[in-house]
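Engineer: Starting off with a structure, shown below.
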Amino acid sequence: MRAPISVVIPTLNAGASLHGSLACLMEGVEAGVIREVIISDGGSTDQTIALAKDWGAEIVAGPASRGGQLQRGCAAAQGAWLLVLHADTQLSPGWVGPVMRHMQGRKAGWFQLAFDKGGLPAKIVAGWANWRSRRGLPYGDQGLFLSRDMYEAVGGYADQPLMEDVAIARALKGQLAAIDAVAITSAQKYQSQGWMRRGGRNLLVLLRYGLGAEVEKLARSYRK
């Protein structure tokens, strides 16, 4: 029987963080539950591709757009279950057991968020994210785990440069549940931009998206 899980990771010049994300997956490889790791790259010019190949990952390439990259990666996946992770996110040790138990249910799953550094501000932001997720809106840095059938039933990822995680979470409304494991994500962006500023910016983008702002305009504004 083939391993059930295909891991999909979108990348764009993620060489500095990808090693840690891939290393944590070895627990799943050793347990015989990971069938393949697919790196869906958006045109990296650093060591991302070489690093991914060294780890034995499969490469899917195309234009840079996180939604489009995830769409291509999931289309190439052959597993009955999809585990979608960001390149700067690492699953905490012991994640395999909770994921396997989650597979016995009928819902998609997200991981409890934590940051790799940041002290009290990091705990506050992570606490808010986990509260928000329990109400049906996990973000991509918390990972997403769902069956291929469920993924296809909701139409998969939208080919958009931003808010693709929010779009699929909305499509999965009522079908999401927490996995009893932690996704540890990089605090670098929060530390460089400021915890309050970054958090407030994310909330503003979410509000504008909810009010119907064009995703392309949001993406251009977000990158400034």
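The values are calculated or read from the model by the stated rules, or taken from the named source; none is laboratory data. Everything numeric in this text was worked out from a predicted model, so none of it was measured. Every residue, glycine among them, receives a Cβ derived from its backbone with ideal geometry; neighbour counts consider all protein chains shown. Remember, those area values only see protein heavy atoms, side chains included, never the ligands or the DNA or RNA. Shrake-Rupley method; radii C 1.70, N 1.55, O 1.52, S 1.80 Å.
Engineer: Which value, in Å² rounded to 10, gives the accessible area of H86 with a 1.4 Å probe and all protein chains present?
Structural biologist: Spelled out: H86, probe radius 1.4 Å, area about 20 Å².
Engineer: Dipole of region 74-213, Cα-centred, from +1 at each Lys and Arg C-beta and -1 at each Asp and Glu C-beta, to the nearest 20 debye? Mind dumping the intermediate values first?
Structural biologist: Working: 16 positive and 9 negative charges, 113 e Å.
That gives a dipole near 540 debye.
Engineer: Note down the accessible area of K123, probe 1.4 Å, to the nearest 10 Å².
Structural biologist: Surface accessible to solvent at K123 totals approximately 150 Å².
Engineer: Separate question: Farthest toward the dipole's positive end in the chain, which of G212, G143, P4, given Cβ charges of +1 (Lys, Arg) and -1 (Asp, Glu) about the Cα centre?
Structural biologist: About the Cα centre, the residue reaching furthest to the positive side is G212.
Engineer: Hey, another quick one. I want the local charge near A76. Using Cβ-Cβ distances under 11 Å, sum +1 for each Lys or Arg and -1 for each Asp or Glu among the other residues.
Structural biologist: Values: positive: R72; negative: E36, E58.
Taking every other residue near A76 into account, the sum is -1.
Engineer: Using the heavy atoms of the protein chains alone and a 1.4 angstrom probe, what is the accessible area of the chain per residue in square angstrom?
Structural biologist: Values: 10790 Å² over 224 residues.
That works out to 48 Å² per residue.
Engineer: While we're here: State to the nearest 20 debye the size of the charge dipole of region 157-224 about its Cα centre, where the only charges are +1 on K and R beta carbons and -1 on D and E beta carbons.
Structural biologist: Numbers: 11 positive and 6 negative charges, 91 e Å.
In total the dipole reaches around 440 debye.
Engineer: Can you find, among M163, P121, G67, the residue farthest towards the positive end of the dipole of the chain? Put +1 on the C-beta of Lys and Arg, -1 on that of Asp and Glu.
Structural biologist: P121
Engineer: What FRET efficiency, computed as 1/(1 + (r/R0)^6) with R0 = 22 Å and r the Cβ-Cβ distance, is obtained for K224 and D46, rounded to the nearest 0.05?
Structural biologist: Details: r = 22 Å, r/R0 = 1.02.
Efficiency for this residue pair is about 0.45.
Engineer: Next up: With a point put 7 Å past each Cα toward its Cβ, work out how far M1 is from L207 in nm, to one decimal.
Structural biologist: 4.9 nm
Engineer: Charges only on Cβ, +1 for Lys and Arg, -1 for Asp and Glu: so what's the dipole of region 1-92 about the Cα centre, in debye to the nearest 20? Present the calculation step by step, with values, prior to reporting the outcome.
Structural biologist: Numbers: 5 positive and 8 negative charges, 56 e Å.
Using only the charged Cβ atoms, the result is roughly 260 debye.
Engineer: Given points 7 Å out from each Cα along the Cα-Cβ axis, report the A177 to K189 separation in nanometres with one decimal.
Structural biologist: In this crude spin-label approximation the distance works out to 3.0 nm.
Engineer: At 1.4 Å probe size, put L211, L176 in order of accessible surface, largest to smallest. Walk me through the numbers on the way to the answer.
Structural biologist: Details: L211 140, L176 30 Å².
These residues rank, largest area first, as L211, L176.
Engineer: Now for a different question. Of the listed values (i) 117; (ii) 140; (iii) 129, identify the label whose number matches volume of the Cα convex hull per residue in Å³ calculated from this model.
Structural biologist: Comparing each candidate, only (i) matches the computed number.
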